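Asker: Just passing along the structure, written as structure tokens.
The values are calculated or read from the model by the stated rules, or taken from the named source; none is laboratory data. Being a predicted model, the structure only gives us computed values, none of them experimental. When we count neighbours, we look across all protein chains shown, and the Cβ atoms used for this are built from the backbone with ideal geometry, even at glycine.
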Amino acid sequence: MAFTTENRSQATAHTDEEIDLQAIASRIKNGQITRVVVLTGAGISTAAGIPDFRSPNTGLYDKLAPLNLPYPEAIFHISYFSHTPEPFYAIAQARHPGNLKPTISHAFIALLAKKNVLHFAFTQNIDGLEQDMGVPVDKIIWAHGNWKSQHCWKCKAEYPEDSMKKAIREGEVPYCQQPECGGAVKPNVVFFGQSLPLEFDEKQKLVPEADLMLVMGTSLKVAPCSQLPRLVKEGTPRVLINIERSGDIGSRKEDVCVLGSCDDGVRKFADKLGWRDELEALWSSVVETKKDDREFEGVPSLDECIAKAARQMDERLKISNGHKRMLESHLGNKLAQIKAKPTMQP
Ligand code: CNA
């Protein structure tokens with residue numbers, strides 16, 4: 001990214017990325033940047049204890065191997081869920097955000113709103129931690145939905161919150177209570193193969209209005225959110241804070257890639273903005289007061305849930321193989337009896 005040569009010569013001890021971030025921070029402070037559009041993904045919540053999808057070894061897709069799914073994404077695909085919801089609910093208790101607290105990266109988005117520079121935020125996350133952190137609900141879209149409500153995937157009837165929590169806590173599939181339906185209940189998260197909320201199309205029109213786009217904690221591999229950074233006008237800076245490079249960020253001269261953890265990245269950005277103390281105070285005030293959801297006390301870890309589900313699926317497979325062998329032998333005996341008995345022939 002090329003800002004002024006003055007910026008660069010003033011801070012020769014700093015990396016290019018720090019100089020660029022400082023230049024952007026100065027433009028926010030002096031009011032040249034007032035419309036920040038944020039796009040976030042699973043990487044802003046890994047520090048809260050929720051694994052992302054694709055990080056090697058720690059990501060959910062690698063952890064799901066013992067379940068022998070047709071492919072890892074199947075657990076979140078609507079066509080797989082519609083006939084086999086068990087694996088989703090087997091791990092749901094460990095992924096439910098009941099007892100999780102927002103990270104300082106969530107707090108940074110809330111602070112942008114407090115400073116009146118948050119134009120709009122798009123999150124692909126379903127944990128709802130932005131809301132817990134106080135990001136105003138009219139400034140954010142949960143593009144992939146969240147866990148805060150649920151309905152039957154088949155007849156779309158609402159399902160009570162307390163029954164849902166009980167099912168998740170026990171690792172059981174909740175079924176619709178409507179007469180003659182019996183469909184599996186699904187939290188209102190968008191599965192692969194489902195449409196995004198209707199307002200997504202409307203909200204994405206806000207992206208070209210941005211005078212800064214901040215992308216955090218996403219591999220930019222899931223469409224259509226992965227396409228949002230391309231809607232930013234040429235000449236407008238895009239800042240990526242992520243462990244690795246993602247999407248096409250870095251391909252434009254105005255792009256800044258701050259590689260490393262999201263929490264370190266936002267702290268660095270807040271230092272340059274002179275907002276660090278305010279950021280830490282805002283975060284602590286929420287984290288210290290957020291009450292644990294007692295329903296989720298002592299739930300097993302994700303690894304324990306996966307190991308248990310793998311054992312159960314193995315058991316079921318043995319049972320269904322047993323049934324198959326029993327049926328085969330039963331049919332074999334019947335056929336032998338039929339062959340042995342003379343039947344009436346014309
Ligand atoms: P992803 O494809 O797993 O990518 C995550 C990205 O974040 C990767 O590039 C990682 O390198 C990076 N990353 C991980 N931890 C950190 C960290 N601490 N600091 C900086 N970078 C980090 O996930 P995406 O969000 O890109 O994919 C979109 C999917 C993920 C959506 O459908 C979500 O619903 C889904 N998801 C959501 C959650 C959640 O709600 N917390 C968790 C897991 C997956």
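Asker: Determine which single condition Phe269 fails, assuming it passes every other condition in (1) within 11 Å of the ligand (Cβ to nearest atom); (2) out of contact with any Asp or Glu (no Cβ under 9 Å at 6 or more places or on another chain).
Answerer: Condition not satisfied by Phe269: (1).
Asker: What are the pairs, 6+ residues apart or on separate chains, where a residue within segment 192-204 that is in contact (Cβ under 8 Å) with a residue 12 or more places away in the chain and away from the ligand (no atom under 16 Å from the Cβ) has its Cβ under 8 Å from a residue that is of a type in the set (A, V, I, L, M) and outside any helix (DSSP H, G or I)?
Answerer: Note: pairs meeting the criteria are Glu199/Ile141; Lys203/Ile141.
Asker: Taking the criterion of being under 15 Å from Val117 (Cβ atoms) and touching a helix residue (DSSP H, G or I) at 6+ places or on another chain (Cβ under 7 Å), would at least one residue in segment 45-66 satisfy it?
Answerer: Within segment 45-66, none of the residues are under 15 Å from Val117 (Cβ atoms) and touching a helix residue (DSSP H, G or I) at 6+ places or on another chain (Cβ under 7 Å).
Asker: Collect the residues in segment 177-221 that are more than 22 Å from the chain's Cα centre (by Cα), modelled with pLDDT of 95 or more, surrounded by 15 or more Cβ atoms within 10 Å (Cβ to Cβ) and not aliphatic (A, V, I, L, M), keeping them in residue-number order.
Answerer: Asp211
Asker: In this structure, does Glu295 turn out to be at pLDDT below 80, of a type in the set (Asp, Glu) and farther than 30 Å from Glu161 by Cβ?
Answerer: So Glu295 does not fit the description; no.
Asker: Name the residue that is farthest from the chain's Cα centre (by Cα), counting only residues in segment 143-156 that are hydrophobic (A, V, I, L, M, F, W, C) and more than 9 Å from the ligand (Cβ to nearest atom).
Answerer: Cys155
Asker: So is Ile140 within 16 Å of the ligand (Cβ to nearest atom), surrounded by fewer than 23 Cβ atoms within 10 Å (Cβ to Cβ), modelled with pLDDT of 95 or more and at negative phi or not?
Answerer: When the stated conditions are applied, Ile140 passes them.
Asker: Quick one: in segment 236-246, which of the residues that are within 15 Å of the ligand (Cβ to nearest atom) and under 21 Å from Leu112 (Cα atoms) is surrounded by the most Cβ atoms within 10 Å (Cβ to Cβ)?
Answerer: Ile241
Asker: Which one is nearest to Asp264 (Cα to Cα), of the residues in segment 63-118 that are part of a helix (DSSP H, G or I) and among the polar types (S, T, N, Q)?
Answerer: For segment 63-118, the residue satisfying everything is Ser105.
Asker: Continuing with the same structure: Is there any pair linking a residue in segment 80-100 that is over 13 Å from Leu69 (Cα atoms) to one that is aromatic (Phe, Trp, Tyr), with Cβ under 6 Å and at least six apart or on different chains, and which?
Answerer: Gly98/Phe296; Asn99/Phe296
Asker: Also, I was wondering about something else. When you look at Gly171, is it of a type outside the set (Lys, Arg) and within 13 Å of the ligand (Cβ to nearest atom), yes or no?
Answerer: no
Asker: Find the residue count for segment 247-263, including only residues that are crowded, with 16+ Cβ neighbours inside 10 Å and within 13 Å of the ligand (Cβ to nearest atom).
Answerer: The number of residues fulfilling the criteria is 7.
Asker: Now for a different question. Name the residues in segment 205-226 that are within 16 Å of the ligand (Cβ to nearest atom) and assigned to a helix (DSSP H, G or I), would you?
Answerer: Matches in segment 205-226: Cys225, Ser226.
Asker: Right, next: So which of Val135, Val189 ends up being among the aliphatic types (A, V, I, L, M), closer than 21 Å to Cys225 by Cα, within 16 Å of the ligand (Cβ to nearest atom) and in contact (Cβ under 8 Å) with a residue 60 or more places away in the chain?
Answerer: Just a single option satisfies the conditions, and that option is Val189.
Asker: Let me ask something else. Looking only at segment 42-62, which residues are within 19 Å of Phe108 (Cα to Cα), in a helix (DSSP H, G or I) and either of a type in the set (Asp, Glu) or within 6 Å of the ligand (Cβ to nearest atom) (or both)?
Answerer: Scanning segment 42-62 gives Ala42, Gly43, Thr46, Ala47.
Asker: Since Thr84 meets every condition but one in (1) buried (at least 20 other Cβ atoms within 10 Å of the Cβ); (2) out of contact with any Gly (no Cβ under 6 Å at 6 or more places or on another chain), which condition does it not meet?
Answerer: Going through (1) buried (at least 20 other Cβ atoms within 10 Å of the Cβ); (2) out of contact with any Gly (no Cβ under 6 Å at 6 or more places or on another chain) one by one, Thr84 breaks only (1).
Residues checked against (1) part of a helix (DSSP H, G or I); (2) basic (Lys, Arg):
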| position | (1), (2) |
| --- | --- |
| Lys165 | yes, yes |
| Ile168 | yes, no |
| Pro187 | no, no |
| Phe200 | yes, no |
| Leu228 | yes, no |
| Arg245 | no, yes |
| Asp248 | no, no |
| Ser251 | no, no |
| Asp264 | yes, no |
